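The values are calculated or read from the model by the stated rules, or taken from the named source; none is laboratory data. In this text, all values refer to a predicted model and were calculated from it rather than measured experimentally. Quick reminder, even Gly has a Cβ in these numbers, built from the backbone with ideal geometry, and neighbours come from all protein chains shown.
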2 protein chains.
Amino acid sequence: MAETLKGMKRTHRCTELTTADVGKEVVVMGWVQRRRDLGKLIFVTLRDRSGIIQVVFNSETNPELHEKASQVRSEYVLAVRGTLARRSEEAINRNMVTGEIEIIASELRILNKSEVPPFHIEENVDANEALRLKYRYLDLRRPHLQRNLHLRHRIAKIARDYYDDNGFYEIETPFLTKSTPEGARDYLVPSRVHPGKFYALPQSPQIFKQLLMVSGFDRYMQIVKCFRDEDLRADRQPEFTQIDLEMSFVDMEDVIAVNEGFISRLFRETLGLDIPVPFKRLTYKEAMERYGSDKPDTRFGLELVNISDLVAESGFKVFRDAVENGGSVRAINAKGAGAKFSRKEIDALGEVVKTYKAKGLAWMVVEAEGLKSPIAKFLTETEIGQIKERLGAEPGDLLLFVADKDEIVFDALGHLRLELGEKLGLIDHKRYDVLWVTEFPLLEYDEEEQRWVAKHHPFTAPMDEDIDYLDTDPGRVRSKAYDMVINGYEVGGGSIRIHSQELQARMFRVIGLSDEQAGERFGFMLDAFKYGTPPHGGMAFGLDRLTMLLAGTDNIRDVIAFPKVQTAACLMSNAPDVVDEKQLEELHIKTTVNDKSEA
Amino acid sequence: MAETLKGMKRTHRCTELTTADVGKEVVVMGWVQRRRDLGKLIFVTLRDRSGIIQVVFNSETNPELHEKASQVRSEYVLAVRGTLARRSEEAINRNMVTGEIEIIASELRILNKSEVPPFHIEENVDANEALRLKYRYLDLRRPHLQRNLHLRHRIAKIARDYYDDNGFYEIETPFLTKSTPEGARDYLVPSRVHPGKFYALPQSPQIFKQLLMVSGFDRYMQIVKCFRDEDLRADRQPEFTQIDLEMSFVDMEDVIAVNEGFISRLFRETLGLDIPVPFKRLTYKEAMERYGSDKPDTRFGLELVNISDLVAESGFKVFRDAVENGGSVRAINAKGAGAKFSRKEIDALGEVVKTYKAKGLAWMVVEAEGLKSPIAKFLTETEIGQIKERLGAEPGDLLLFVADKDEIVFDALGHLRLELGEKLGLIDHKRYDVLWVTEFPLLEYDEEEQRWVAKHHPFTAPMDEDIDYLDTDPGRVRSKAYDMVINGYEVGGGSIRIHSQELQARMFRVIGLSDEQAGERFGFMLDAFKYGTPPHGGMAFGLDRLTMLLAGTDNIRDVIAFPKVQTAACLMSNAPDVVDEKQLEELHIKTTVNDKSEA
């Protein structure tokens, strides 16, 4: 039977011990990382959440204890009493925090045994991820996951401290709420008490936080789970966590200032990095023109250059047509890549842009004497000269061109740029570039539905100077929305909301909703807005993504204790699973799956 | 159209202004509490989350502004610029925090209008609760709800600060998880990706927090929503919030000490009250014997007294039978109530005990000369004398007796005691009595299932000294469980868990689960326990109830922003509601309700 703690009290975690404690009697508790038998000595490395320390059992001074120690195996749980000693010079391990010390054991309790774990618990163990997720409780013992979850705890704590310091109240909003027809797919929860009716899990607390502004709470924040039943990508989870906030009586600059303060404090207190405020800003237009993306990675150059004017009347039909059809021709100068990349590598870049719907990638390798380029023959000497000049081309450079509708040019070159940044080693992975992207278009045209739709959500306010275009030129209207971007990731976003009922009604008309339809969709929220809504705005950060960035990992499952895989299943608990027929009956539902064994 | 904030920035919240600011130009923003027109002056009381302040518009100095002010109505949203002035002596309002000052307006913007609200926004408005819940966003403007939610924010913040200071990590556990067969009814979430399968919303993070201990996180906490689809009582909500925690390498005293530190800090920082540690403790047995309850309200006496030995051989059959059948006869001396209560009132007390299944309530009114009592005739003078002596009876006292099985006697007299405490005005509603109840029975016998079941959950550890009775006398085994009780409410509870596999297997056998059945029910958790589980234990506080207590309200909806009513519906959002047929199809379910219009 497992031994008890009775009469034993832990005095330190493993790495809390230092040479200053040498000579003291200490008690540590943890898991066996490793046991080594060296003749009359047994060395056990003991691990707890702080790290590891070496414990020594000596058969000469304490043969019984030595015998007991010989029974311990990896991952056994021990309590050890002993005297802290300094290691002899030759035994010092400089790679270990506690490498200068060790505990000479005087008492050992085996608090629990362990079967042989399915993989070794170590920092860089390369076990199959599915196996590690099945045994997540063991996977979580690995130091880097321990560190990541501690970091996540600290991020959440700093967020709560910061927003509390700034007058925000954390207010809980409901999880069992109502399905709203806009947005992603809802997770539904059948009601037992109301047959045929369903709750929906919230995709975000958007409506509730705006109602809290109507209620006069002034400053709200919440760290809260949100749910979206979307087809999953590698960096998505069906349940994810937002740092969500909303403020009243503010404009965009107020929201930006408060949140710059948060991010700045967060980097200082977690990584010791100074991110000076105010942050850089790019308008949506500038971000697209320069980086081909509304979440640009600004840690490196390779900016896009518009050469449409130079080739508008070119003999090269592909370029000329693009410009004539209202599109553009844009280029990237991959500095020095002409000398580095093989023809095969250049062709591979062509495949990249095709993924993003570009018809092809034109290129020029600039040489000391002239060019190597399949398109040179279609261009005049003057055109080539002007292009080279605008791109600042020098021998050894690789110039890459995409000609198409702007949308496709940006998308293709934006992604090509990221690929080149990695390939050319231009990205400093220790650097954090934090910026705001502003002046997003308020609306975008949905070709399928043949109507304008809100780019963010229909409560986002238009910029004052653009309101007049709402009816005449909706595509031109910019919004009071803002995204925070770090190293090419959108880590947060928000907007100033419409608080005027008249403007809200106009907005609904622009997106093709009659008053009646708007009422059906947003009923109680529109009712609320009749009773004195203050000017307000807010934003939400993705906690999972923020933690990923600060932890320096690109696997979102590395920052979530019990994550789901791409099929939204948990390999450890086996959720979702079949349930008793009786449970479904009580909920007034049945499955449409006939043979559940095949499900 | 609503006016904008452009060029205007709030300088203070209403009650942040004091006489020290007199003469300053200030900008406040908020809602119109009240407008009074007094000839050339208009007085507007403006409200924000901090409270109210008076704004003055003068038609002589600023006729245009006065005219604009005359248009404002209750709950309009205003921004006001003006100069802070001291009120004249006769205009001072001592009932108002800002009663000595007022703002002489120089600029007014009507940021938004408001329709006439369905009830007046005031502290003690007596509107129908259903109406208030429908317009919850207006109800929440009332000062006491603003205060309650601010208090709730502070309680959560103090909890996070305290547990963080004590080395706890807040770790998020999943919401989309697996249905577990023990416990209350689960809320289910159909899976779209896995036809015929369902997630369950967690009833508590119990399993996950124990797995985090297996993972070596050592100290975990989380403030987290939990879900139980139970038939609702007035003080229950289908979703509720726990302050949940777990610790490794600890015994009961460690868990108790950490949590006493929390509660003590909480009372100090919220109410300014000193609750000295260590807290009082009562064993379960003592709590039942003295108060007839395992969550006793110890703010007043009226303790139960066992008189079984005095009446075991009495001529009064009701008493004698109860003792002979293994039950007991117990009494409460309601001091002075004999002189106060009418016969009708005493009969009403009899109805109280009948609610708790007692067959009847025997009573004696002690008078200067003798007794008034329907049962006196069945007792001897000696018996009466002994009973009076044991109960310390004096003239004017009312002695109340219940004879039955212990269970019924405790329950009936325990509730009768609470009723008497209120009726006799013995409860000091400003006092907080905090205590632990310990040494709960590990098991209780389920008459229906004809087997022993775990009183808490099957992972609760037995007391070391009682382990030997597990097989021979299960009812005698006490557990390492502990509840925290404040003023008769159970605000939290927890236990040391079983960490030995052998002991866990024994426990399962006692409650009639074969290894196979246990495996089916607790599969991955039992697997996890094979790989080195540390000794661990924890507890959970009910945040809603804790907030209720500290806020001094007995309505749980007063401490939740968007609560549900007893049918688990939200009167504001109308959740749960019908959904599109298409949504159900995607989830591979259909409702068994034929005519949804009737649902």
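Below, the figures for the structure above:
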| read-out | value |
| --- | --- |
| Residue under evaluation A:His456, criteria (1) modelled with pLDDT under 90; (2) closer than 30 Å to A:Lys280 by Cβ; (3) within 14 Å of another protein chain (Cβ to nearest Cβ), criterion not met | (3) |
| Criterion violated by B:Arg320 - all others in (1) surrounded by 14 or more Cβ atoms within 10 Å (Cβ to Cβ); (2) touching a residue at least 12 places away in the same chain (Cβ under 8 Å) satisfied | (2) |
| Sole residue being in contact with a helix residue (DSSP H, G or I) (Cβ under 9 Å, 6 or more places away or on another chain), at pLDDT below 95 and of a type in the set (A, V, I, L, M, F, W, C), chosen from B:Ala331, B:Ala322, B:Ala312 | B:Ala312 |
| Near pairs, Cβ below 6 angstrom, 6+ apart or cross-chain, from the range A:204-230 (more than 7 Å from every other protein chain (Cβ to nearest Cβ)) to any residue that is assigned to a helix (DSSP H, G or I) | A:Ile207/A:Met525; A:Tyr220/A:Lys209; A:Tyr220/A:Leu212; A:Met221/A:Tyr163; A:Ile223/A:Ala156 |
| Positions within the range A:192-244 being of a type in the set (A, V, I, L, M, F, W, C), surrounded by fewer than 24 Cβ atoms within 10 Å (Cβ to Cβ) and in a loop (DSSP other than H, G, I, E, B), in sequence order | A:Val193, A:Leu232, A:Ala234 |
| Near pairs, Cβ below 7 angstrom, 6+ apart or cross-chain, from the range A:141-161 (within 9 Å of another protein chain (Cβ to nearest Cβ)) to any residue that is assigned to a helix (DSSP H, G or I) and of a type in the set (D, E, K, R) | A:Leu145/A:Asp139; A:Leu145/A:Asp558; A:Lys157/B:Arg160; A:Lys157/B:Asp164; A:Arg160/B:Lys157; A:Arg160/B:Arg160 |
| Qualifying residue in the range A:118-135 (condition: away from chain B (no Cβ under 14 Å) and at pLDDT 95 or above) | no |
| Flag if A:Pro174 is over 26 Å from A:Gln566 (Cα atoms), touching a residue at least 24 places away in the same chain (Cβ under 8 Å), within 7 Å of another protein chain (Cβ to nearest Cβ) and crowded, with 24+ Cβ neighbours inside 10 Å | yes |
| Identity of the residue in the range A:180-191, surrounded by 22 or more Cβ atoms within 10 Å (Cβ to Cβ) and not in a strand (DSSP E or B), that ends up farthest from the other protein chains (Cβ to nearest Cβ) | A:Asp186 |
| Residues of the range A:524-540 satisfying the condition of being facing chain B (nearest Cβ under 7 Å) and charged (D, E, K, R) | A:Lys530 |
| Condition check for B:Thr15: under 18 Å from B:Leu111 (Cα atoms) and either within 14 Å of chain A (Cβ to nearest Cβ) or among the aliphatic types (A, V, I, L, M) (or both) | no |
| Residue match in the range B:585-599 (condition: buried (at least 22 other Cβ atoms within 10 Å of the Cβ), at the interface with chain A (Cβ under 7 Å from one of its Cβ atoms) and in a loop (DSSP other than H, G, I, E, B)) | yes |
| Hits in the range A:402-447 (condition: buried (at least 23 other Cβ atoms within 10 Å of the Cβ), among the small types (Gly, Ala, Ser) and not in a strand (DSSP E or B)) | A:Ala412, A:Gly414 |
| Residue match in the range A:569-582 (condition: within 16 Å of the chain's Cα centre (by Cα) and facing another protein chain (nearest Cβ under 7 Å)) | no |
| Failed criterion for A:Leu543 (all others in (1) at pLDDT below 95; (2) within 10 Å of chain B (Cβ to nearest Cβ) hold) | (1) |
| Pairs where the first residue, in the range B:541-562, is closer than 16 Å to B:His153 by Cβ and the second is of a type in the set (Asp, Glu), C-beta under 7 Å, 6+ apart | B:Met548/B:Asp554; B:Ala551/B:Asp558; B:Val559/B:Asp544; B:Ile560/B:Asp544; B:Ala561/A:Glu172 |
| From A:Leu108, A:Leu84, A:Leu78, residue being over 18 Å from A:Gln33 (Cβ atoms), in the same structural domain as A:Val22 (by TED's automatic domain parsing) and surrounded by 15 or more Cβ atoms within 10 Å (Cβ to Cβ) | A:Leu84 |
| The range B:57-75 - residue that is crowded, with 20+ Cβ neighbours inside 10 Å and not charged (D, E, K, R) and, of those, nearest to the chain's Cα centre (by Cα) | B:Val72 |
| Conditions (1) of a type in the set (Asp, Glu); (2) within 30 Å of A:Val565 (Cα to Cα); (3) over 18 Å from the mean Cα position of the chain (by Cα); number of the one not met by A:Glu239 | (3) |
| Every residue from the range A:546-565 that is among the polar types (S, T, N, Q) and within 9 Å of chain B (Cβ to nearest Cβ) | none |
| Residue within the range B:525-538 that is in a helix (DSSP H, G or I), assigned by TED's automatic domain parsing to the domain that holds B:Ala461, touching a residue at least 40 places away in the same chain (Cβ under 8 Å) and of a type outside the set (Gly, Ala, Ser) present | yes |
| Any pair with Cβ under 6 angstrom, 6 or more apart, that starts in the range A:85-114 at a residue that is within 14 Å of chain B (Cβ to nearest Cβ) and ends at one that is assigned to a strand (DSSP E or B) and modelled with pLDDT of 95 or more | A:Arg109/A:Ala79; A:Leu111/A:Val77; A:Leu111/A:Ala79; A:Asn112/A:Val77; A:Ser114/B:Tyr531 |
| Selected residue (only one of B:Leu442, B:Leu435, B:Leu399 is at pLDDT 95 or above and more than 30 Å from B:Ile496 (Cα to Cα)) | B:Leu399 |
| Residue match in the range A:162-170 (condition: more than 8 Å from every other protein chain (Cβ to nearest Cβ), more than 24 Å from the chain's Cα centre (by Cα) and assigned to a helix (DSSP H, G or I)) | yes |
| Members of the range A:294-313 found to be surrounded by 22 or more Cβ atoms within 10 Å (Cβ to Cβ) and either in contact with a Pro (Cβ under 7 Å, 6 or more places away or on another chain) or not hydrophobic (A, V, I, L, M, F, W, C) (or both), listed by number | A:Pro296 |
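For (1) crowded, with 20+ Cβ neighbours inside 10 Å; (2) acidic (Asp, Glu); (3) modelled with pLDDT of 95 or more; (4) not assigned by TED's automatic domain parsing to the domain that holds A:Leu78, each residue gets a yes or a no:
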| residue | (1), (2), (3), (4) |
| --- | --- |
| A:Glu3 | no, yes, no, yes |
| A:Ala20 | no, no, yes, no |
| A:Lys24 | no, no, yes, no |
| A:Val27 | no, no, yes, no |
| A:Arg36 | no, no, yes, no |
| A:Ile42 | yes, no, yes, no |
